[in-house]
1. Please work out the FRET efficiency for the pair Ala122 and Val5, using the Cβ-Cβ distance as r and a Förster radius of 25 Å; give the result to the nearest 0.05.
2. Using a Gaussian network model of the chain whose springs link C-alpha atoms within less than 10 Å, name the residue from Gly84, Gly66, Gly55 with the highest mean-square fluctuation.
3. Asn54: net charge of surrounding residues, Cβ under 14 Å, Lys/Arg +1, Asp/Glu -1, itself excluded?
4. Could you put Leu18, Leu100 in order of accessible surface area, largest first, with the 1.4 Å probe and the full protein assembly present?
5. Over every pair of different alpha-carbon atoms in region 5-123, take the mean of 1/r and invert it; report that Kirkwood radius in Å.
6. Any idea which of Ser71, Thr104, Val5 is furthest toward the positive side of the dipole for the chain, if Lys and Arg beta-carbons carry +1 and Asp and Glu beta-carbons -1?
7. So which trypsin sites (Lys or Arg not before Pro) in region 24-63 are both in a DSSP loop and have at most 10 other Cβ atoms within 10 Å of their Cβ?
8. Could you check which residue among Ala14, Ala40, Ala75 shows the biggest mean-square fluctuation in a GNM of the chain with a 10 Å Cα cutoff?
Amino acid sequence: QVRLVESGGGLVQAGGSLRLSCAASGGTFSNYDIGWFRQAPGKERELVARVRRNGAIKHYADSVKGRFTISRDNAKSTVYLQMGSLKPEDTAVYYCAASLGISTFDPNDYEYWGQGTQVTVAT
């Protein structure tokens, strides 16, 4: 069983940048696809980006393409989400999640979740 811990959230001005980290422990990290999700108040949880276990295949939500970059370092059991050109609509709790099977944009594909980190983008 893998344990995930997110960090790096905070308050940032619109147009600014943040880098989120997701540190994993307790499992063989390279066996998992990792997704970054977010959930804003009153909205459903949505996939922001995901990276396959070998790091070579990545997918992004249309809303963040060109602004966010997902990467992973299997040696450090960590996945990063570099967020740039942030907008107020990016405000949400951001979660990382791990999938041992085939992952898609569906949160139900992911077995393990972190506790989340708040990102707030001010105008």
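1. 0.45
2. Checking each option, the largest mean-square fluctuation is seen for Gly66.
3. Neighbour charge sum, excluding Asn54 itself: +3.
4. Highest to lowest solvent-accessible surface, that is Leu100, Leu18.
5. When all Cα pairs of region 5-123 are included, the Kirkwood radius is 14.0 Å.
6. Sorting the options by dipole projection puts first Ser71.
7. When the trypsin sites (Lys or Arg not before Pro) of region 24-63 are filtered for loop state and at most 10 Cβ neighbours within 10 Å, Lys43 remain.
8. Looking only at Ala14, Ala40, Ala75, the largest GNM fluctuation is found for Ala75.
The values are calculated or read from the model by the stated rules, or taken from the named source; none is laboratory data. What you see is a predicted model, and the numbers here were worked out from it, not measured in a lab. In this analysis, Cβ positions are derived from the backbone assuming ideal geometry, glycine residues included, and neighbour counts consider all displayed protein chains. Ligands, DNA and RNA are excluded from the accessible area calculation, which covers all protein heavy atoms including side chains. Shrake-Rupley method; radii C 1.70, N 1.55, O 1.52, S 1.80 Å.
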